[in-house]
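Comments concern the structure below.
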Amino acid sequence: MKIIGTGSAMPSMSVTNDMLSQFLDTSDDWITTRTGIKQRRIITNETLKDLAVTASQKALDNAGIAATDLDFILCSNVINNYVTPALSCIIQGGIDATCPCIDLNGACSGFIYALDIASAYLETGRAENVLIVCAEQPTRLVNWSERNTCVLFGDGAAAVVVSKGDNLKSLLLTTQCKVDALYYQRKMEFNPYVRQSDGDMPLVMNGKDVFKLAVSSSISDIKTVLAKAELDENDISYFLLHQANMRILDSIKDYFKQTEEKFPHNIEKYGNTSSASIPILLDEMNGNNQLHKGDYLLLSAFGAGFTSGACIIQW
């Protein structure tokens, strides 16, 4: 597998920490010192479909192929206005593709999970070009009067086109059933035969548990994919980690004794955009000509489930 095109799209509205302090008991210093986040983008007049379609078209243009050349569309998404049809089906219509589509929910690890599925289709000859879209709106999961969660998230979408190649050097997916650490439940429609009550609450997050799980899972996953690829941390040009919290990124960077330059980040601008965070960062670096042929990129993500995943891709 190889990545042949990238694209991203962000909401137009930027919400700063100072803007949040107008209705929350918080401040720019409180948020920045705990998370590294200075602002985030939030969907207002746009829709998640708008962002997903724009990111997908940019990735197709960057790859130099048409939507009709796609053999499969995978969309990583946690929440959107539609329960059905899948968001991938809606994206297919937006870009005038004709291939089959499916959504997956790997939470913030969804991009790595989608890469693994795409790789399997390419390896078995069932596809030659696969579009992976990560479109997320986590700002609709949280209680906006709860400062511990609502300040963390932002909305956004990003996409990559992957094709046949030998650039995927190793990949690992893991899952531990740790539901209580991070979950969201929504109320379903009334059924006269149902005896138990539905959960109906905003996102619940145990920050300390999530921090520990994120750091330990990422370190373990990174060590495993390095060993599988017969590389060490010094061979990696860039570590592209899920943009959840700057303190998490620093903890992992310090463990592997790597320079700050090798751990690019944009969490200060966008917050946690769930599974879209790594491909957004990847597209920014690609657009800024920071990536060079032969560079080893190590991707690592972690999210509700508790899911995690890591891979090494040669650019």
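Okay, here's what the table says:
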item	result
Positions within the stretch 187-226 being under 19 Å from Pro138 (Cβ atoms) and basic (Lys, Arg), in sequence order	Lys187
Lone qualifier among Ala63, Ala67 - being within 22 Å of Gly287 (Cβ to Cβ), open to solvent by less than 50 Å² (accessible area, probe 1.4 Å) and either touching a strand residue (DSSP E or B) at 6+ places or on another chain (Cβ under 6 Å) or of a type in the set (Ser, Thr, Tyr) (or both)	Ala63
Selection within the stretch 16-53 - more than 20 Å from the chain's Cα centre (by Cα) and hydrophobic (A, V, I, L, M, F, W, C)	Met19, Leu20, Phe23, Leu24, Trp30, Ile31
Matching residues, the stretch 126-155, being touching a residue at least 60 places away in the same chain (Cβ under 8 Å), open to solvent by 30 Å² or more (accessible area, probe 1.4 Å) and among the charged types (D, E, K, R)	Arg140, Arg147
Contacts under 7 angstrom Cβ, first residue in the stretch 284-299 being more than 14 Å from Phe263 (Cβ to Cβ) and of a type in the set (Lys, Arg), partner surrounded by 14 or more Cβ atoms within 10 Å (Cβ to Cβ) and at pLDDT 95 or above, 6 or more apart	Lys293/Trp315
Enumeration of residues in the stretch 253-301 that are basic (Lys, Arg) and within 24 Å of Leu20 (Cβ to Cβ)	Lys269
In the stretch 180-213, the residues that are within 20 Å of Asn105 (Cβ to Cβ), aliphatic (A, V, I, L, M) and modelled with pLDDT of 90 or more	Ala181, Leu182, Leu203, Val204, Met205, Val210, Leu213
Residue match in the stretch 292-304 (condition: open to solvent by 60 Å² or more (accessible area, probe 1.4 Å) and charged (D, E, K, R))	yes
Test set (1) touching a residue at least 12 places away in the same chain (Cβ under 8 Å); (2) out of contact with any Pro (no Cβ under 6 Å at 6 or more places or on another chain) - Ala158 fails condition number	(2)
Members of the stretch 212-231 that are surrounded by 19 or more Cβ atoms within 10 Å (Cβ to Cβ) and free of Cβ contacts under 8 Å to residues at least 24 places away in the same chain	none
The stretch 37-56 - residue that is polar (S, T, N, Q) and surrounded by fewer than 24 Cβ atoms within 10 Å (Cβ to Cβ) and, of those, nearest to Leu70 (Cα to Cα)	Thr54
Pair list, Cβ < 9 Å and 6+ apart or interchain, from the stretch 71-84 residues that are in contact (Cβ under 8 Å) with a residue 24 or more places away in the chain to residues that are among the aromatic types (Phe, Trp, Tyr) and assigned to a strand (DSSP E or B)	Val78/Tyr184; Ile79/Tyr184
One residue from Tyr113, Tyr121 being more than 19 Å from Thr54 (Cβ to Cβ), open to solvent by 10 Å² or more (accessible area, probe 1.4 Å) and under 17 Å from the mean Cα position of the chain (by Cα)	Tyr113
Residue match in the stretch 19-36 (condition: farther than 30 Å from Leu168 by Cβ, among the charged types (D, E, K, R) and open to solvent by less than 40 Å² (accessible area, probe 1.4 Å))	no
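The values are calculated or read from the model by the stated rules, or taken from the named source; none is laboratory data. Keep in mind it's a predicted model, so treat the numbers as computed, not measured. Heads up, the Cβs are rebuilt from the backbone with ideal geometry, glycines too, and the neighbour counts pull from every protein chain shown. Remember, those area values only see protein heavy atoms, side chains included, never the ligands or the DNA or RNA. Shrake-Rupley method; radii C 1.70, N 1.55, O 1.52, S 1.80 Å.
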